[in-house]
Structure formats: C-alpha cells, structure tokens
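Report on the structure given below.
The values are calculated or read from the model by the stated rules, or taken from the named source; none is laboratory data. Model, not experiment: these values are computed from the prediction. With ideal geometry, Cβ positions are generated from the backbone for all residues, glycine too; neighbour counts draw on all protein chains shown.
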Amino acid sequence: MQNRVEPPILLSRLMTFVFATAIVVLAVMGITLYKMFPLNRPQVFFLRARPSHTLEVTVRDMVPTDENLDFYKRAFIREYIKARNEITPNISDMRKKWTNDPSAAVRAWSNDAVFGDFAQTRMWTALMNEIPGFELKCPVEFVQGGITPRGANMYAVSFRQFCENSDGQVAAKDYTIVLRLESDAETQVKWIDRLSNPLGIKVTQYTVESVDGDKTDKTDPLNRF
C-alpha cells in the first residue's frame, strides 16, 4: 500500500509530461518556421515525368550545379521568347501578357531598356493602343539545339515564327536572337513571381541577329506587320 500513487500525484505527473512534450513540439515548430524565413528566398524544383500508362511524378529539390542552372535558364529563355513573340487572336490575353504592369510576363522578365524597345514595336502599339483590324495567330517553334551559349550569361536562340491571318498563312520566318540574362544575388523575388521566375532572372539585352539566315536583316518579329 505504501507504493500506491495517489490520483492527484498521478494526474500531476501526467500533466507535467504533457506540458514538457508540448514545449518540445513548439520549440521544433519554432525552429522550422525560423529556417523557412524569409519566404521570398528562391527555391527551385524540377518536375519531370515520362508519358506512360502508369505515370509516376517525382519532385526533387534542385541541387544548384552549373548543369541544372543552365537547364533552368534554357527553359526560361523559351518561355520568354514565347511570351514576347507568340500572338493569339485573344486581344484581352495578349494585353495582359504585354502590359506595363510589373506582374505581366514580358515586363516582369525584362529590364527597363529591353521592355522599352519592346514597347516601340508596331505589333505592341497596335495591340495595346487599338484593336487591330485583323485576326492574327503566330505560334513559335524552337529548333532542336537552338539555344547556344555565347559567353557569360549570353545566349543565341533560334526559332521559327509562322503566322495566319484572315487572308491565310503568312510566310514563316526563321529568327536568331541574342540575349543576355542577369540576376542579382540580392534580388527580392515577389510572391506572385515565385513560380514564373523564382531566381529573379531578367533579360538585359535582346538583339535580332538574323532573319532567315540574313545577318543584314535585323527586323524584329513584331515589326513584320
């Protein structure tokens, strides 16, 4: 009978154990939340999948090797070229993509000078200031191996743009564009850009090198019409 623990003592020990466990859990959660901040820190993931009947998707944290960063930059270049040069008949969507709003694709991915040149093109002026008197659809296709490095953060990208309007198809054109990518290590990535541009990369140079292989022709794709 002397070893019997009275109920109040047992309850007290149980509450002490629960309280200590809660303190440990809260401490672990606090450390985890502390390591998560700041929330604008870029965190890049690659999602890869193979078409099959039993599709398996694996998400892995990207190890910041030169190979992986180059892979990311090439994907960024493709998205930038498409956002800038692809045209759809949906005027509302085009204006959202091309507007001067900081969250718009081309504006978010370009520095001031590059966007300024973009906003001087005839197609940009027509779409942003008036409704064109024709329907135009201009998809972009990339050739295999069409993105090649030209030095530090410099790339040459080759693509084909072919357009269709109400009168039929316009002759396709092959373009080679030279562009420079830059990213400041101190760039504060906005929450809205966490998926579209997690590394805060911007195009700081955009030059038409050739049209259909002719290096004397520097016509911007958006000045064709």
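Could you please let me know if V157 is touching a residue at least 12 places away in the same chain (Cβ under 8 Å), surrounded by fewer than 15 Cβ atoms within 10 Å (Cβ to Cβ) and either within 22 Å of the chain's Cα centre (by Cα) or assigned to a strand (DSSP E or B) (or both)?
Working: touching a residue at least 12 places away in the same chain (Cβ under 8 Å): yes; surrounded by fewer than 15 Cβ atoms within 10 Å (Cβ to Cβ): no; either within 22 Å of the chain's Cα centre (by Cα) or assigned to a strand (DSSP E or B) (or both): yes.
Considered against the rule, which asks whether it is touching a residue at least 12 places away in the same chain (Cβ under 8 Å), surrounded by fewer than 15 Cβ atoms within 10 Å (Cβ to Cβ) and either within 22 Å of the chain's Cα centre (by Cα) or assigned to a strand (DSSP E or B) (or both), V157 comes out as no.
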- Could you give every pair whose Cβ atoms fall below 6 Å, whose first residue belongs to region 166-177 and is surrounded by 10 or more Cβ atoms within 10 Å (Cβ to Cβ), and whose second residue is polar (S, T, N, Q), counting only separations of at least 6 or pairs across chains? K173/Q161; T176/S158; T176/S210
- Taking the condition at pLDDT 85 or above, closer than 20 Å to K202 by Cβ and either surrounded by fewer than 10 Cβ atoms within 10 Å (Cβ to Cβ) or not small (G, A, S) (or both), does N40 pass? no
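Name the helices (runs of 4 or more DSSP H) wholly within region 66-117 that hold at least 2 residues that are touching a helix residue (DSSP H, G or I) at 6+ places or on another chain (Cβ under 6 Å) and closer than 15 Å to V157 by Cβ? Break it down stepwise before answering.
Numbers: elements: 66-85, 91-98, 105-109.
Output list reads 66-85.
Looking only at region 182-201, decide whether some residue is modelled with pLDDT of 85 or more, assigned to a strand (DSSP E or B) and farther than 21 Å from M123 by Cα.
First, pick out the residues of region 182-201 that are modelled with pLDDT of 85 or more: 182, 201.
Right, trim to assigned to a strand (DSSP E or B) and you get 182.
With the extra rule that they be farther than 21 Å from M123 by Cα, the set shrinks to 182.
Yes, region 182-201 has at least one match.
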- Item | Leading residue by the ranking (farthest from L181 (Cα to Cα)) among those in region 97-110 that are touching a residue at least 24 places away in the same chain (Cβ under 8 Å) and surrounded by 15 or more Cβ atoms within 10 Å (Cβ to Cβ) | T99
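Give the residues of region 160-181 that are outside any strand (DSSP E or B) and small (G, A, S), sorted by residue number. Spell out how you get there, then give the answer.
Taking region 160-181 first, the residues outside any strand (DSSP E or B) are 166-167.
If the condition is that a residue be outside any strand (DSSP E or B) and small (G, A, S), then S166 is the only one that fits.
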- Query: How many residues does region 126-154 contain that are within 22 Å of L181 (Cα to Cα), buried (at least 16 other Cβ atoms within 10 Å of the Cβ) and among the aliphatic types (A, V, I, L, M)?
  - Reply: 2
- Query: So which residues in region 111-125 are surrounded by 14 or more Cβ atoms within 10 Å (Cβ to Cβ) and free of Cβ contacts under 8 Å to residues at least 60 places away in the same chain, if there are any at all?
  - Reply: F115, A119
